[in-house]
Amino acid sequence: MSNVNEGLQEPAGGLRDLMPPCISVIIVNLNTRALLDACLASVEGERSTISIETIVIDNGSSDGSVGMVEAKYPATILVKNSRNQGFARPNNEGLRRARGKHLLLLNSDTVVRPGAFRILADFLDAHPDAGACGPRLIYPDGRLQYSAKGFPTLWTHFCDMTGLDRLFPGSALFGSGELRSFDYEHPGTADHLMAAAFLVRREAYEAVGPLDERFAIYYNDMDWCYRMVHAGWKIWYVPDAVVEHHLGQTVGAVNKRFTLFTMLYNNVMFFYQKHYGRGAIVVYRLLLAGGFAVRSVAWTVRAALRPTDTNRHMRTFAVKSLLFGLAFWRPAKIEEV
């Protein structure tokens with residue numbers, strides 16, 4: 001069961017329910033104390049331009065994250081889970097508690113650049129067709145993160161496995177999955193934006209419902225965007241709002257140990273099964289096996305010639321992916337975190 005510490009969040013006079021903030025910020029944390037501290041400090045800096053409530057869902061951290069939040073950010077609504085519950089379930093907990101006009105999913109490994117919240121909220125207010133929007137995401141050194149994607153289909157998977165999307169990155173036919181030609185300098189629509197910082201209109205959330213918790217970690221945001229777009233909403237990229245993102249810090253360490261390998265592929269396959277039917281899984285696996293048969297040979301040779309940790313890791317990933325694809329008769333399996 002979750003314990004809650006609302007600290008100083010409730011306004012004096014019991015007016016909390018009468019004073020909804022413009023944005024409810026929902027942050028899921030697992031053992032990222034230093035990053036979470038920097039994230040919350042940047043969120044606090046936005047309060048001078050827009051009304052905010054901050055909700056932190058801690059997934060059973062053991063690094064002192066909870067004590068840090070209680071000591072330094074007492075106005076934060078803090079939900080303390082006893083164990084890791086993945087991504088979708090704790091975010092849904094935050095969404096249920098949120099009172100804001102708009103709802104922001106924010107990774108704990110982000111730093112919000114000044115004014116970003118106001119820019120995103122104003123954009124949603126000015127574009128009634130926008131169900132959600134996201135900022136320009138950058139690495140700490142200022143490099144752009146390619147956050148816009150197309151919805152995965154069997155065609156985009158074929159282009160990925162055959163390398164057509166890399167041979168013709170600007171092609172609308174072959175590059176529709178990775179969107180490598182997306183214009184990141186101007187506002188525009190995309191099927192999906194990385195949910196490291198993702199502002200959702202409350203009306204869109206109420207129309208399509210919460211994140212599907214069967215996607216415990218991966219593809220829940222892709223599925224959410226898919227449901228919004230197919231309900232008639234648009235997903236907008238807003239480059240004037242900027243958020244720094246330490247990409248991979250939240251799940252990167254366990255990925256290196258392949259802890260979440262099977263869950264990743266099962267979540268991908270469940271997306272295909274949910275939206276395209278069970279037959280799509282067979283085709284997906286066969287394409288996966290074909291693509292990674294070639295990659296397995298290439299990375300094995302590369303690891304033999306240059307036995308670096310990266311090359312050995314990629315060889316293992318390629319071989320595991322090949323074996324996963326060869327089991328084409330198996331259905332998608334939903335795993336608990």
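The values are calculated or read from the model by the stated rules, or taken from the named source; none is laboratory data. All figures in this text were calculated on a predicted structure; none of them were measured in a lab. Because the Cβ atoms are built from the backbone with ideal geometry, glycine has one as well, and the counts that use them run over all protein chains shown.
Summary table below
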| read-out | value |
| --- | --- |
| Unique residue being out of contact with any Ser or Thr (no Cβ under 8 Å at 6 or more places or on another chain) and either outside any loop (DSSP other than H, G, I, E, B) or among the aromatic types (Phe, Trp, Tyr) (or both) when the list is 92, 84 | 92 |
| Any chance residue 287 is within 27 Å of the chain's Cα centre (by Cα), of a type outside the set (Ser, Thr, Tyr), at pLDDT below 95 and in a helix (DSSP H, G or I) | no |
| Selection within the stretch 27-43 - more than 23 Å from residue 89 (Cα to Cα) and among the hydroxyl-bearing types (Ser, Thr, Tyr) | 42 |
| The listed residue being surrounded by fewer than 16 Cβ atoms within 10 Å (Cβ to Cβ), in contact (Cβ under 8 Å) with a residue 12 or more places away in the chain and of a type in the set (Ser, Thr, Tyr), out of 147, 65, 82 | 82 |
| Matching residues, the stretch 208-227, being in a helix (DSSP H, G or I) and either more than 11 Å from the chain's Cα centre (by Cα) or in contact (Cβ under 8 Å) with a residue 40 or more places away in the chain (or both) | 208, 220, 221, 222, 223, 225, 226, 227 |
| Count - residues of the stretch 81-103 that are aliphatic (A, V, I, L, M) and out of contact with any strand residue (DSSP E or B) (no Cβ under 7 Å at 6 or more places or on another chain) | 1 |
| Subset tally (residues that are under 22 Å from the mean Cα position of the chain (by Cα) and over 18 Å from residue 230 (Cα atoms)) for the stretch 164-185 | 9 |
| Enumeration of residues in the stretch 298-320 that are small (Gly, Ala, Ser) and closer than 23 Å to residue 265 by Cβ | 298, 303, 318 |
| Inter-residue pairs, beta-carbon under 8 Å, first surrounded by 16 or more Cβ atoms within 10 Å (Cβ to Cβ) and in the stretch 306-319, second polar (S, T, N, Q) and modelled with pLDDT of 90 or more, 6+ apart | 315/296; 315/300; 318/296; 318/300; 319/296; 319/300 |
| In the stretch 161-207, residue farthest from residue 281 (Cα to Cα) [restricted to those that are of a type in the set (Asp, Glu), modelled with pLDDT of 95 or more and in a helix (DSSP H, G or I)] | 203 |
| Close pairs (7 angstrom Cβ cut-off, 6 or more residues apart or separate chains): closer than 12 Å to residue 222 by Cβ in the stretch 261-272, assigned to a helix (DSSP H, G or I) anywhere | 271/222; 271/223; 272/280; 272/281; 272/284 |
| Condition check for residue 108: surrounded by fewer than 22 Cβ atoms within 10 Å (Cβ to Cβ), among the hydroxyl-bearing types (Ser, Thr, Tyr) and assigned by TED's automatic domain parsing to the domain that holds residue 43 | no |
